[in-house]
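The values are calculated or read from the model by the stated rules, or taken from the named source; none is laboratory data. Nothing here was measured: the structure is a model prediction, and the numbers come from that model. Quick reminder, even Gly has a Cβ in these numbers, built from the backbone with ideal geometry, and neighbours come from all protein chains shown. What goes into the accessible areas is simple: the full protein's heavy atoms, side chains included, and nothing from ligands, DNA or RNA. Shrake-Rupley method; radii C 1.70, N 1.55, O 1.52, S 1.80 Å.
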Amino acid sequence: MPRIQTYESQVAVPGPSPGRSATASDFGAEIGVGLQQVGRAGGELAQSINAYDERVELSDLRAKMATARAVWTTHLQERADAAIPGDRTFAFKFTEDLSKYMGDLGTNLRTAAGRQAYKEMSATLTGDMYERASIHQGNLAAAKAKQDFMTSLDQTRNTLLADPTQFDRALNDATVMVRGATNLPTQVRKELE
């Protein structure tokens, strides 16, 4: 049979080469470090721009809310002065109109801080205005009660002119009507009694 001759390697492993080794800068490490610094600076710039946008938006929002408070306070008084005594929908209609206005005021906010501040300021302003509208609503109810009493009193006078013997009954009815009008302020009630 044929015989296969074997070979053994006689190459020695060389030691470190006497020349220079490759470094990271040989492959563009300075560019990577530079890009990393540019990225970090870009992030800082974006944060700075966002902080500036928040300050500008909050300042603008505060000015708009101050204007809204002044305008709607005046508007509330004008509406109350023009309202019919006893109008049961006064506060509801006012608050509904105010809510629409406030909703429009908050539509173009871009920053999270602006949106959060809007929620808080809007809730405070709407709550304050609703409270004041409710007071006017009560005043309108009191004006209606007084008006109704005065109408009743006029009719009672007409009755007494026609039949003076009904005086005791008319006085009792008028007293019950005044004391039963719980929406009248105490001073007005005493005056009418």
Checklist entry - Among the residues of segment 97-130, which ones are open to solvent by less than 60 Å² (accessible area, probe 1.4 Å) and part of a loop (DSSP other than H, G, I, E, B)? => result GLY106, LEU109, THR111
Item to check | Selection within segment 73-96 - part of a helix (DSSP H, G or I), open to solvent by 50 Å² or more (accessible area, probe 1.4 Å) and over 20 Å from ALA63 (Cα atoms) | outcome: GLN77, GLU78, ARG79, ASP81, ALA82, PHE92, LYS93, GLU96
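Restricting attention to segment 155-193, which residues are in contact (Cβ under 8 Å) with a residue 24 or more places away in the chain and open to solvent by less than 50 Å² (accessible area, probe 1.4 Å)?
In the first step, residues of segment 155-193 are kept if they are in contact (Cβ under 8 Å) with a residue 24 or more places away in the chain; the result is 174, 177-178, 181, 183-185, 188, 192.
ALA174, VAL178, ALA181, LEU184, VAL188, LEU192 - these are the residues of segment 155-193 that are in contact (Cβ under 8 Å) with a residue 24 or more places away in the chain and open to solvent by less than 50 Å² (accessible area, probe 1.4 Å).
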Checklist entry - Which of the residues spanning segment 177-193 are part of a helix (DSSP H, G or I) and of a type in the set (A, V, I, L, M, F, W, C)? => result MET177, VAL178, VAL188, LEU192
Checklist entry - Going by the conditions given, is SER152 among the hydroxyl-bearing types (Ser, Thr, Tyr) and either surrounded by 14 or more Cβ atoms within 10 Å (Cβ to Cβ) or assigned to a loop (DSSP other than H, G, I, E, B) (or both)? => result yes
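Here's a check for you: in segment 138-147, which residue that is open to solvent by 40 Å² or more (accessible area, probe 1.4 Å) and touching a helix residue (DSSP H, G or I) at 6+ places or on another chain (Cβ under 8 Å) is modelled with the highest pLDDT?
Our first condition is that a residue be open to solvent by 40 Å² or more (accessible area, probe 1.4 Å); within segment 138-147, this holds for 139, 143-144, 146-147.
Now drop any that are not touching a helix residue (DSSP H, G or I) at 6+ places or on another chain (Cβ under 8 Å), which leaves 139, 146.
Numbers: ASN139: 89, LYS146: 85.
Applying the filter and picking the extreme gives ASN139.
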